[in-house]
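Undergrad: Pasting a structure here, questions to come.
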């Protein structure tokens with residue numbers, strides 16, 4: 001990390017059943033190791049749906065309890081590495097990040113806040129959307145994105161609700177879903193779910209399709225590096241997300 005006075009520590013909150021965030025974030029950060037490191041804390045999330053029980057998994061106190069553990073590690077930035085605000089509303093993440101900053105004395109961001117910043121910065125309003133979610137969750141996401149000025153012109157979803165199962169989707173399957181939505185001519189494709197194995201296929205898909213691919217694990221990390229002013233160009237091999245202005 002150019003000009004770093006000391007190690008930069010990134011704290012990330014992840015669902016308990018997620019098996020992608022930790023290893024893939026660490027892999028993405030390899031070019032910046034040991035100057036920048038990621039540290040993780042979990043809270044219980046096992047099912048993604050729109051009912052009250054599923055939504056209660058994202059109540060504030062369990063998340064803050066997990067965050068306080070990361071505060072012990074004196075992280076410089078803390079991120080909610082999950083996409084629940086996509087169906088619950090971005091205001092949920094805005095409220096959460098305000099509390100995280102207060103509780104942890106660190107800059108706070110989230111996956112969805114980072115995504116919206118990328119789309120705004122790069123003037124991207126028409127996207128293709130790929131998720132593992134059920135049809136009703138997908139519809140809610142699309143409606144919420146529309147309210148934020150983002151039009152989903154093509155979408156594919158796997159119809160799954162068990163959070164653990166999302167990580168079992170093969171990279172080839174995810175790539176095929178991206179190829180399908182690319183036919184509509186979106187300005188970018190968003191792989192929305194931090195438990196899908198999209199980070200390591202993004203760069204090759206961009207070369208194949210000629211469209212930016214924004215994966216959730218990658219754009220959450222992008223958000224952390226962005227708010228702390230860390231040079232992320234060493235990660236450019238992982239896709240245009242880390243190399244474009």
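The values are calculated or read from the model by the stated rules, or taken from the named source; none is laboratory data. Bear in mind that the values here come from a model prediction, so they are computed numbers and not experimental data. A quick note on method: Cβ atoms are made from the backbone with ideal geometry, for glycine too, and the neighbour counts reach across all protein chains shown.
Undergrad: For segment 1-32, which positions are part of a helix (DSSP H, G or I) and either in contact with a strand residue (DSSP E or B) (Cβ under 7 Å, 6 or more places away or on another chain) or within 15 Å of residue 232 (Cα to Cα) (or both)?
TA: If the condition is that a residue be part of a helix (DSSP H, G or I) and either in contact with a strand residue (DSSP E or B) (Cβ under 7 Å, 6 or more places away or on another chain) or within 15 Å of residue 232 (Cα to Cα) (or both), then 21, 22, 25, 26, 27, 28, 30, 31, 32 are the ones that fit.
Undergrad: Looking at 79, 66 in this structure, which one is out of contact with any helix residue (DSSP H, G or I) (no Cβ under 8 Å at 6 or more places or on another chain) and either under 26 Å from residue 229 (Cα atoms) or buried (at least 23 other Cβ atoms within 10 Å of the Cβ) (or both)?
TA: From the options 79, 66, the qualifying one is 66.
Undergrad: How about segment 157-229: which helices (runs of 4 or more DSSP H) wholly inside it have at least 1 residues that are out of contact with any helix residue (DSSP H, G or I) (no Cβ under 9 Å at 6 or more places or on another chain) and touching a residue at least 60 places away in the same chain (Cβ under 8 Å)?
TA: So the answer is 163-166, 216-228.
Undergrad: Just to be sure before I move on: is residue 82 closer than 20 Å to residue 50 by Cα, within 12 Å of the chain's Cα centre (by Cα) and assigned by TED's automatic domain parsing to the domain that holds residue 49 in the structure I sent?
TA: yes
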